[in-house]
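The values are calculated or read from the model by the stated rules, or taken from the named source; none is laboratory data. Predicted model only: the values in this text are computed from it and were never measured. With ideal geometry, Cβ positions are generated from the backbone for all residues, glycine too; neighbour counts draw on all protein chains shown.
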Amino acid sequence: MDSTRRAHMEKVHKETAAERHKAIPIYEHITAYPIEKLVELSKLEFAIMDCEDDTARHEILSQYVTLRDSIKMIDNPPEKIYLWEDGKIPTMTEYTDNSNYRYFHDPDFSPYFLEVLVPEDVDPKGAVITIAGGQQGMNAINECYEICRNFNDLGYQGFILHCRPNASPWNAYECGVDVARAIRIIRNNAEKYRLPENRIAVAGFSNGGIAGDNCIRYNSGDQAVSDHFPDYVPDELDEFYGAPDAFLCVYGARHIGTDFDYSRVVYPPAFFATGLDDIRGCENMYDVVNDLLKRGVMVEIHSFAGQPHGYAGWKIYDGVGRPNFDLWVNLADNFMQNAYSAKK
């Protein structure tokens, strides 16, 4: 991003952050609201950030506020499934103020997930937990909700996880332990979800991919939550394995140079998809894949011509999506089934 564009984005953020922040709880309880309204709202948000004319931008913001305030919950909305009991969230970061709206989530944020399930007459092939990129927010529309629907069509139970994002402002341990907790809750409820307990995948997009990697980094193998959070008191959910059975990393491989200690890590079969126009994403992906291959991890890698960073599930916005890149969903389905079969 050049300096002119960066200055513009900073200006717009300062002008509009308070109003856009009010929409985060709506975007992040996506199953409780009419999806077409959320898509419409997020399109206005894109327009706000792109508009360089002050008068026109203020008019778009006015439309945005009117639409946001008109969006009402559906009848009998699906509930959020919180990961931690009050006062028991493993925590390292001291975070008390978000008055400048730097972060999507306020200090009182409590992580949770949402269900996007297949019909009762479908025998699920497994589960896919989706984690949106950035700080999540409206990215959950295309990178979680639409992707869950794609995997529903292939026979998977879908889940949208809103964990503490990596470095926004929390750290890798806090981010990773939230992902692990969601996995443990779903394993514990495998019968309810009609799932094989050992077929739970994490699909992370951009920063969500780093969240999945953090989960594996600090919660796989014989690692326990208390290893990293000494004051943590284990409960019955800690008896369940906290790392995924497969990892789908979509333009979200860890950054080159990250200090990653594999000594206690058991890395699951890993699937990577990135656009060739996402130069840094490709560099990160190739570095991580080579690292995993050296350690005998089952890996599949795909890079797609003409695809920049982002845009997974974009069909929910324009009805077209990215036909070439969107092939990753079916490829990931085949990868997961092969990986699960190999474990038998």
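Details
For (1) within 30 Å of residue 236 (Cβ to Cβ); (2) outside the structural domain of residue 159 (by TED's automatic domain parsing), each residue gets a yes or a no:
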{"site": "13", "(1), (2)": "no, yes"}
{"site": "22", "(1), (2)": "no, yes"}
{"site": "28", "(1), (2)": "yes, yes"}
{"site": "33", "(1), (2)": "no, yes"}
{"site": "51", "(1), (2)": "no, yes"}
{"site": "85", "(1), (2)": "yes, no"}
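- Any hit, the range 293-301, residues being in the same structural domain as residue 267 (by TED's automatic domain parsing), farther than 15 Å from residue 148 by Cα, surrounded by fewer than 18 Cβ atoms within 10 Å (Cβ to Cβ) and among the basic types (Lys, Arg): yes
- Subset of the range 59-73 that is in contact (Cβ under 8 Å) with a residue 40 or more places away in the chain and part of a helix (DSSP H, G or I) - its residue that is farthest from residue 28 (Cα to Cα): 61
- Scanning the range 157-211 for residues that are among the basic types (Lys, Arg) and either part of a helix (DSSP H, G or I) or out of contact with any His (no Cβ under 8 Å at 6 or more places or on another chain) (or both), we see that the one that is nearest to residue 273 (Cα to Cα) is 199.
- Search result, residues across the range 134-180 that are farther than 26 Å from residue 38 by Cβ and crowded, with 24+ Cβ neighbours inside 10 Å: 174, 176, 177, 180
- Checked against the criterion of being over 20 Å from residue 88 (Cα atoms) and either polar (S, T, N, Q) or surrounded by 18 or more Cβ atoms within 10 Å (Cβ to Cβ) (or both), the range 224-242 contains not a single residue that satisfies it.
- Some residue of the range 333-341 being modelled with pLDDT under 95 and either surrounded by fewer than 14 Cβ atoms within 10 Å (Cβ to Cβ) or not assigned by TED's automatic domain parsing to the domain that holds residue 202 (or both): yes
- Positions within the range 60-83 being of a type in the set (Phe, Trp, Tyr) and more than 22 Å from the chain's Cα centre (by Cα), in sequence order: 64
- Lone qualifier among 180, 167 - being at pLDDT below 95 and not assigned by TED's automatic domain parsing to the domain that holds residue 40: 167
- Pairs, first β-branched (Val, Ile, Thr) in the range 272-288, second modelled with pLDDT of 95 or more, C-beta under 7 Å, six or more apart: 274/251; 274/281; 274/282; 274/285; 274/303; 288/253; 288/254
- In the set (1) within 30 Å of residue 337 (Cβ to Cβ); (2) among the basic types (Lys, Arg); (3) over 23 Å from the mean Cα position of the chain (by Cα), the condition left unmet by residue 57 is number (1).
- Condition check for residue 86: under 20 Å from the mean Cα position of the chain (by Cα), on the phi < 0 side of the Ramachandran plot, of a type outside the set (A, V, I, L, M, F, W, C) and surrounded by fewer than 24 Cβ atoms within 10 Å (Cβ to Cβ): no
- Filter result (part of a loop (DSSP other than H, G, I, E, B), touching a strand residue (DSSP E or B) at 6+ places or on another chain (Cβ under 6 Å) and of a type in the set (S, T, N, Q)) within the range 123-156: 136
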